[in-house]
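J.: Quick one: structure below, then a few questions.
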Amino acid sequence: MNNASNIVFVALITMVFSSALFGQDGSRETVLITGSNRGIGFELVRAFQEEGWNVIATTRNPDTSEELNAFAESHDNVFVERLDVTSVSDLSQLSEKYMGVSIDIIINNAGIYGDRALQEWGSLDSALFHQVMAVNVLAPMLIAETFIENVRASNHKKIISITSGAGSVSIENVSNGGIFYSVSKTALNMAIRKLASEPDNAEILFGLVAPGLTETDMLRAARPELLSRAHSPEESARGIFDVVTNLDSNYDGSPLNYDGSKINW
Ligand SMILES: NC(=O)c1ccc[n+]([C@@H]2O[C@H](COP(=O)([O-])OP(=O)(O)OC[C@H]3O[C@@H](n4cnc5c(N)ncnc54)[C@H](OP(=O)(O)O)[C@@H]3O)[C@@H](O)[C@H]2O)c1
């Protein structure tokens, strides 16, 4: 088979698989969002759904994701799936189910801050460090690796990871305390640069987008003193939607804010 007929063949196969899973919506653009049961993730589900996308909304606990389940029941383009981003078996089950289905955009949104007291100088807790790194750094890499062929088979071909200004080395005073969280987001930024630089990934757009200070459970628990400066998760999600869907080949891989402005590394 020559290159052109190979591309047509792959496109046909992915359309068949996509239609089998999504029914009549198989031709829609598809996004997969992690940690989508609450906070920014849930608002991202709503933003993409409203724009007519198929949304694979993953949550580590579908049984208790009431708001997300209710939303999916009333919208036939939202598909709730189990994914603890640190579980290799969840990942392999999900990738088996979606084998051959094109996924235009993956958004690695799931994240944890971790108990602030256990990441303060003088009481650094090793177990928490490993947990924060597993969720915030390793999982986005493994998810990208697992679903790379789904993304390659799509039109948008984007893998986006939600970062934070707290991971920016050059911003002074961005975050007092929260050492593990900041370190994890800095590491995430480097991890995504490394994946983007893999020759096999040349046609995939790897993006880093930060939601800005957002009024969610995470901020309420970890940095309540910043709540007065925060905006709503709806605002973050709408901004992230616009930034992500508009990213094109001019993008240089830098972390971007939800309003599209650049964040220094
Ligand atoms: N809020 C902010 O001001 C802010 C600022 C900068 C960056 N961010 C980033 O934005 C993203 C979303 O944060 P948020 O503010 O919406 O936080 P959030 O309200 O605490 O929500 C975090 C989400 O991640 C999920 N999650 C955590 N561990 C998981 C795991 N092992 N597997 C699957 N899902 C898991 C949670 O699921 P459960 O319900 O099961 O726990 C929840 O859905 C994070 O990456 C965060 O670092 C937030």
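Residue-wise test of (1) outside any loop (DSSP other than H, G, I, E, B); (2) near the ligand (Cβ under 9 Å from one of its atoms); (3) under 17 Å from the mean Cα position of the chain (by Cα); (4) buried (at least 18 other Cβ atoms within 10 Å of the Cβ).
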{"site": "189", "(1), (2), (3), (4)": "yes, no, yes, yes"}
{"site": "195", "(1), (2), (3), (4)": "yes, no, yes, yes"}
{"site": "236", "(1), (2), (3), (4)": "yes, yes, yes, yes"}
{"site": "249", "(1), (2), (3), (4)": "no, no, no, no"}
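J.: When the residues of the range 48-63 are narrowed to those that are part of a helix (DSSP H, G or I) and surrounded by fewer than 24 Cβ atoms within 10 Å (Cβ to Cβ), which ends up farthest from the ligand (Cβ to nearest atom)?
T.: At the first step, the residues of the range 48-63 found to be part of a helix (DSSP H, G or I) are 48-50, 62-63.
Retained after the next criterion (residues that are surrounded by fewer than 24 Cβ atoms within 10 Å (Cβ to Cβ)): 49-50, 62-63.
On the way: 49: 16, 50: 18, 62: 10, 63: 11 Å.
That would be 50.
J.: Go through the range 209-218 residue by residue and tally those that are closer than 15 Å to residue 185 by Cα and either near the ligand (Cβ under 8 Å from one of its atoms) or aromatic (Phe, Trp, Tyr) (or both).
T.: Qualifying residue count, the range 209-218: 5.
J.: Right, something else. For the range 64-87: of the residues being touching a helix residue (DSSP H, G or I) at 6+ places or on another chain (Cβ under 8 Å) and among the aliphatic types (A, V, I, L, M), which is farthest from the ligand (Cβ to nearest atom)? Working first, answer last.
T.: Of the range 64-87, the ones touching a helix residue (DSSP H, G or I) at 6+ places or on another chain (Cβ under 8 Å) are 67-69, 71, 75-86.
Cutting the leftovers down to among the aliphatic types (A, V, I, L, M) gives us 68, 78, 80, 83, 85.
On the way: 68: 9, 78: 15, 80: 12, 83: 6, 85: 4 Å.
In this case the residue turns out to be 78.
J.: Cβ-Cβ distance below 6 Å, separation of 6 or more or different chains: which pairs start in the range 242-265 with a residue that is within 16 Å of residue 170 (Cβ to Cβ) and end on one that is among the β-branched types (Val, Ile, Thr)?
T.: 255/163; 255/263; 256/209; 256/243; 257/263
Conditions tested, residue by residue: (1) within 26 Å of residue 203 (Cβ to Cβ); (2) charged (D, E, K, R).
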{"position": "84", "(1), (2)": "no, yes"}
{"position": "106", "(1), (2)": "yes, no"}
{"position": "111", "(1), (2)": "no, no"}
{"position": "118", "(1), (2)": "no, no"}
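J.: Go through the range 221-257 residue by residue and tally those that are closer than 12 Å to residue 207 by Cα and in contact with a Ser or Thr (Cβ under 7 Å, 6 or more places away or on another chain).
T.: Residues meeting the conditions: 1.
J.: Another one. Residue 171 fails exactly one of the following numbered conditions: (1) under 15 Å from residue 265 (Cα atoms); (2) part of a helix (DSSP H, G or I). What is the number of that condition?
T.: Tallying (1) under 15 Å from residue 265 (Cα atoms); (2) part of a helix (DSSP H, G or I), residue 171 fails exactly one: (2).
J.: Something else: Restricted to the range 151-184, and to residues that are on the phi > 0 side of the Ramachandran plot and modelled with pLDDT under 95, which residue is nearest to the chain's Cα centre (by Cα)?
T.: Initially, the range 151-184 is screened for residues on the phi > 0 side of the Ramachandran plot, giving 157, 173, 177-178.
Pick out the ones that are also modelled with pLDDT under 95 and you get 173, 177-178.
Numbers: 173: 26, 177: 25, 178: 21 Å.
Result: 178.
The values are calculated or read from the model by the stated rules, or taken from the named source; none is laboratory data. None of these values were measured; they are calculated from a predicted model. So basically every Cβ, Gly included, is an ideal-geometry build from the backbone, and we count neighbours across all protein chains shown.
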